[in-house]
Structure formats: structure tokens, C-alpha cells
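The values are calculated or read from the model by the stated rules, or taken from the named source; none is laboratory data. In this text, all values refer to a predicted model and were calculated from it rather than measured experimentally. When we count neighbours, we look across all protein chains shown, and the Cβ atoms used for this are built from the backbone with ideal geometry, even at glycine.
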Amino acid sequence: MNFLSDRIARLEESATLAMTRMSRELESQGIDVINLSIGEPDFDTPLFIKEAAKKAIDDNYSHYSPVPGFQELREAICIKLKRDNNLDYKASQIVASTGAKQALANAILSLVNPGEEVIIPSPYWVSYSELIKLAEGHAVYVKASIENDFKITASQLEKAINAKTKLIMFNSPCNPTGSVYTHEELKSIAGVIEANPHVIVIADEIYEHINFAGKHESLASFPAIKDRIILINGVSKGYAMTGWRLGYLAANQEIATACNKMQGQITSGTCSISQMAAVQAMLRDPNEVEEIKIMVEAFRNRRDLLLGLLKEIPGLKVNLPDGAFYIFPEANSYFSKKTKEGQCICNADHLCMYLLRDAHVALVSGEAFGDPNCIRFSYATSEDRLIEAVKRIRTSLDKLV
Ligand code: PMP
Ligand code: GLU
């Protein structure tokens, strides 16, 4: 008997989480695995945020919160959006969720009808395509190449839009490529969006604070299109709070109300303790939080280190990523090789499984991110571990024939 729905049969397991699961399985067997698969800061949550959570417990924040989050949190998010992004939103336009992932799911499920087209610049984060599948939307991929730093151009976007286009997924700084769109690039993309008033955009800005190129600029800061941007953000990456599960969206009132309704039937308000901790995170300018400055500086140093090491491997092609904590090299020069046992390394999946088995380094195949030539390194780990990881990878690659 098959009791499971067609929906779940069609859905892929999250590739990032699958690789991390396999890496943890090997670790539980006593193997020293270097996990460069999961994208999460290896830093601790800043102390003042932890103190706020402890206080929330003592103050008995133990009841259901309003579905879109406490008023206090939503007001603090509005303060953040004004301070960091010069954007005006009312608290009623904010929906706080169980991570940015749920904010994305709320928005996609509230907007996309079966068969409607959703444009995804590719490479893209693994969950975009799967959430669109859940909504029965039709994903249209617009390919960005390493030569253009994995960024799509305004004219590529323009060509992909048609009458059936409902939504565009936009992510800068980007997972898996680390790409950051410049002001000029954003402006020309905003121009295309302005010329297509039937299209809504999800701007996923979860890596806002991990930007080595300069100050983050939100797509919502172009006034002519602000009302059609659903801004997604959260505390997971910038505040080293992945496990707290606190993300949010800001959108026009109609969309925010719809997402609130969606969330009310699926999870209700997110964890009350995390919400009260996030209030304090939102109220502090991240440029003045020592722990965040130290973390972002460490990511920049690790990017430089890892990039230098990867450039020394002749079979890999790399570009300079300006944000997030990922490097996404092209590795297809290995795809015609074999292990010494005669197993074919035919694609990025095979290469990642080989490196996990042989080098005990966990990476993620580019397949799930829409670029089967690439493999993703998350450098959210110490410099020593990065050096050791590349050493092991080189040894394993050198064994291929
Ligand atoms: N968007 C992107 C681009 C991501 O990489 C992630 C992964 N953390 C998310 C959204 C989801 O973030 P969260 O952990 O807050 O759910
Ligand atoms: N977003 C992170 C990553 O890409 C965390 C895992 C996930 O939720 O996908 O690795």
C-alpha cells in the first residue's frame, strides 16, 4: 500500500540538509568529517540576545503569541527596516515566522496558482524550486554563468517574463554563489520589474549583513516597485541564530494579511522566546554589535583563504563571491574521471559523494542549486578546518584517474 500523497512523492529532500545528515551519520561512527555542507554561522548568538531570551522565560512569555508575531517584535522589525534599509513599513505589514524558510513558504503558497510561472535566477537556493513545486507553480530558470559572477542581467529577466509570470525569486547576497548585485544591476532589474506591473518579487535578503562589497541595498528601496516586493529576512545568518527559527517578511498589506492567514492554519505564531530575543537583535544597529563585526570579518578572511586554496587546484574554476559564506566552483573537469576502484565520477553528485567517502569532507552538489557543473563550499568553519579540508580534497582528487 502506498499511503503517501503524490505531493510528497514529487518533493525532493533538501539537498543541503541531506548532506549534513550524511555527514552527521559518519561522525556518529567516530569519523572526523569536515562539514562544509550546511550554511550556518559557527559563531554563538551574541550575549545580549541570549539574555533577552532568558528574561522572556522568566517573564513567562510562555503563551501563544499573535499569529504574525508580538506587536513589539513587528515594531522592532519596522525600526530595523527604517534604520538599515530606509524602508517604511507598518507593523501590520510584517509577518514573523519560523525562520525565513517559513516566510518564503507563506509567500509562495499565498501567491502562486497551479500553472503560474515563477522565474528563478539560477543557481538558486535549493528550497525555492521545491516550494514552488508544492504550490504547483511552474518554475522558469534564468541561467547565470560564472563568467558573469552568477548574476542574471536585466535583459535576461525581461526575456523570461510573459503574461503567465506571477513571481520572481530574487536573492542577493546569494546562496549558493555568494554573489551580490551592485546598485547599477539592481537599478536595471528594478526597471524591468517596474515595466511589468503584473509581477511580484520575493527579495530574499537573509544574508544582508554578510556583505563584503559594501552596504546592502534592498530591492524594495526602489520606490516605484516597493509595493510589489515581498522582502524576506531574519536573524538566522546575520545574528548567528539559525536554531532559534525566527524569520520575517514585509509586504503590502494585502499580501501580509494573506501570509498571516496561511501561517495561522499551519504553525501559528513562532516561538515566543525567540521572538522576544529577536526584539533586542532588531533594536541594535548591527554595525555597532561587536560580535557581529567579528563574525563578518572572520567570514571575509575565510573567503580569502579558501578562495586562495581552491585556486591552486587546477581542475576547479572559481570566481570572487562578495557575500554570504559560500564559494561555488565549477568542477566539471573531473566528471569524466574514475576512482581507482573503477567507479565513474560522472557528475557533481558523484563527486560530492566520493569526497564525503574518501576525504571525509561534506560539500553540496550543484545539481540541487540548478548548476550541475558546480559544487558548493560553505566556509562557515575555522581556518584550520578549511586548510585541512582542502588538503584532503586535493589528495582525493589526485587519486582520480
Ligand atoms: N533563504 C536563503 C537564501 C537561505 O540560504 C536560507 C537558509 N538558511 C533561508 C532562506 C532560510 O533561513 P532560515 O534558517 O531563517 O529559515
Ligand atoms: N540555508 C542553509 C543552507 O543552504 C541551511 C540549510 C537549509 O535550510 O537549506 O545550507
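Structure notes:
- Scoring Gly137 on the criteria (1) surrounded by fewer than 22 Cβ atoms within 10 Å (Cβ to Cβ); (2) away from ligand 2 (no atom under 15 Å from the Cβ); (3) among the small types (Gly, Ala, Ser) leaves a single failure, condition (1).
- Failed item in (1) of a type outside the set (Val, Ile, Thr); (2) over 30 Å from Cys346 (Cα atoms); (3) assigned to a helix (DSSP H, G or I); (4) modelled with pLDDT of 95 or more, with Asp304 passing the rest: (2)
- If the condition is being assigned to a loop (DSSP other than H, G, I, E, B), of a type outside the set (Ser, Thr, Tyr) and away from ligand 1 (no atom under 16 Å from the Cβ), then the range 321-337 contributes Pro329, Ala331, Phe335.
- Selection within the range 82-111 - surrounded by fewer than 22 Cβ atoms within 10 Å (Cβ to Cβ) and among the hydrophobic types (A, V, I, L, M, F, W, C): Leu87, Ala91, Leu109, Leu111
- The combined condition, being within 16 Å of ligand 2 (Cβ to nearest atom) and not in a helix (DSSP H, G or I), is fulfilled by Ser37.
Per-residue answers, yes or no, for (1) free of Cβ contacts under 8 Å to residues at least 24 places away in the same chain; (2) outside any helix (DSSP H, G or I); (3) at positive phi; (4) within 16 Å of ligand 2 (Cβ to nearest atom):
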site	(1), (2), (3), (4)
Ile202	no, yes, no, yes
Ile206	no, yes, no, yes
His209	no, yes, no, yes
Ala213	no, yes, no, no
His216	no, yes, no, no
Ala220	no, no, no, no
Ile225	no, no, no, no
Asn233	no, yes, no, yes
Glu254	yes, no, no, no
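- Scan of the range 177-200 for residues that are away from ligand 2 (no atom under 16 Å from the Cβ), of a type outside the set (A, V, I, L, M, F, W, C) and under 18 Å from the mean Cα position of the chain (by Cα), ordered by number: Tyr181
- When Ser127 is tested against (1) farther than 30 Å from Asp6 by Cα; (2) in contact (Cβ under 8 Å) with a residue 40 or more places away in the chain; (3) not β-branched (Val, Ile, Thr), only condition (1) is not met.
- Flag if Ser23 is modelled with pLDDT under 95 and surrounded by 13 or more Cβ atoms within 10 Å (Cβ to Cβ): yes
- Looking only at residues of the range 27-43 that are modelled with pLDDT of 95 or more and hydrophobic (A, V, I, L, M, F, W, C), we find that the one that is farthest from Ser218 (Cα to Cα) is Ile31.
- Condition check for Val364: modelled with pLDDT under 95 and either in contact with a Lys or Arg (Cβ under 9 Å, 6 or more places away or on another chain) or at positive phi (or both): no
Yes/no matrix, rows are residues, columns are (1) part of a strand (DSSP E or B); (2) within 15 Å of ligand 2 (Cβ to nearest atom):
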| site | (1), (2) |
| --- | --- |
| Tyr354 | no, no |
| Arg357 | no, no |
| Ala368 | no, yes |
| Asp371 | no, yes |
| Ile375 | yes, yes |
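- Condition met for Ala359 (touching a Lys or Arg at 6+ places or on another chain (Cβ under 9 Å) and more than 30 Å from Gly238 (Cβ to Cβ)): yes
- Residue among Leu26, Leu11, Leu73 that is within 16 Å of ligand 1 (Cβ to nearest atom) and either of a type outside the set (Gly, Ala, Ser) or without any contact (Cβ under 8 Å) to a residue 60 or more places away in the chain (or both): Leu73
- The number of residues in the range 88-102 that are near ligand 1 (Cβ under 8 Å from one of its atoms) and not hydroxyl-bearing (Ser, Thr, Tyr) comes to 4.
- Residues of the range 90-105 that are closer than 16 Å to Ile202 by Cβ and more than 16 Å from ligand 2 (Cβ to nearest atom): Gln93, Ile94, Val95.
- The numbered conditions (1) modelled with pLDDT of 95 or more; (2) over 17 Å from Pro173 (Cβ atoms); (3) in a loop (DSSP other than H, G, I, E, B) are all true for Lys340 except (1).
- One residue stands out in the range 168-200 among those that are part of a strand (DSSP E or B) and not aromatic (Phe, Trp, Tyr): the one that is surrounded by the fewest Cβ atoms within 10 Å (Cβ to Cβ), namely Ile200.
- Of residues in the range 202-231 being buried (at least 21 other Cβ atoms within 10 Å of the Cβ) and more than 22 Å from Ser188 (Cβ to Cβ), the one farthest from ligand 1 (Cβ to nearest atom): His209
- Scanning the range 108-134 for residues that are more than 15 Å from Ala163 (Cα to Cα) and of a type in the set (Val, Ile, Thr) yields Ile108, Ile120, Val126, Ile132.
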